[in-house]
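Here's the structure we're looking at; comments come further down.
Nothing in this text is a laboratory measurement; each read-out follows from the coordinates by a stated rule. Everything quoted here is computed from the prediction, not taken from an experiment. With ideal geometry, Cβ positions are generated from the backbone for all residues, glycine too; neighbour counts draw on all protein chains shown.
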Amino acid sequence: MEDNQKTPEYEEYNASLDPDPIESMSADEVQDSILEDSGMNGFQKYVARLNEKTWVLMQRIVGAILGVASGIALFWNGGSDTEQGFSWSLIMAIVIAMLIPNILEKQSGRRLNKLRIALVIALAVMIVGYFIVVGTRTGFKLTA
């Protein structure tokens, strides 16, 4: 008994001949497509697009700004010479030096070690500078 049905002829398909969509895109387009598919927010995407040199430079600049702001907050007493003014200044300095880098680190999704180092250096310079200014005003008299 002969079968009247013809079997369809299949050509063997070679997928290696198709152009790879990733190879046809530039490196920036590939990175953008990967970032689009990730669940990152806008700030995290911005940070992820930065090259390492720019990222380190931004960390150092922001760290220095936060260190100077923390130093100003530490020694600014709001025009009064009371102990309470210093305690509020200390709290503001701690918030600037501790909480803001932690918030930025969580928002960016990357470590901020260079920022913290720059912050500590700038704060140390501010403290030493403050003691030099106060010392020159008082003639470096160490009275309690």
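Structural remarks
- Counting neighbouring beta carbons within 10 Å and listing from fewest to most, the residues L119, L112 come out as L112, L119.
- Among the trypsin sites (Lys or Arg not before Pro) in the stretch 92-143, those located in a DSSP loop and surrounded by at most 16 other Cβ atoms within 10 Å of their own Cβ are R110, R111, K141.
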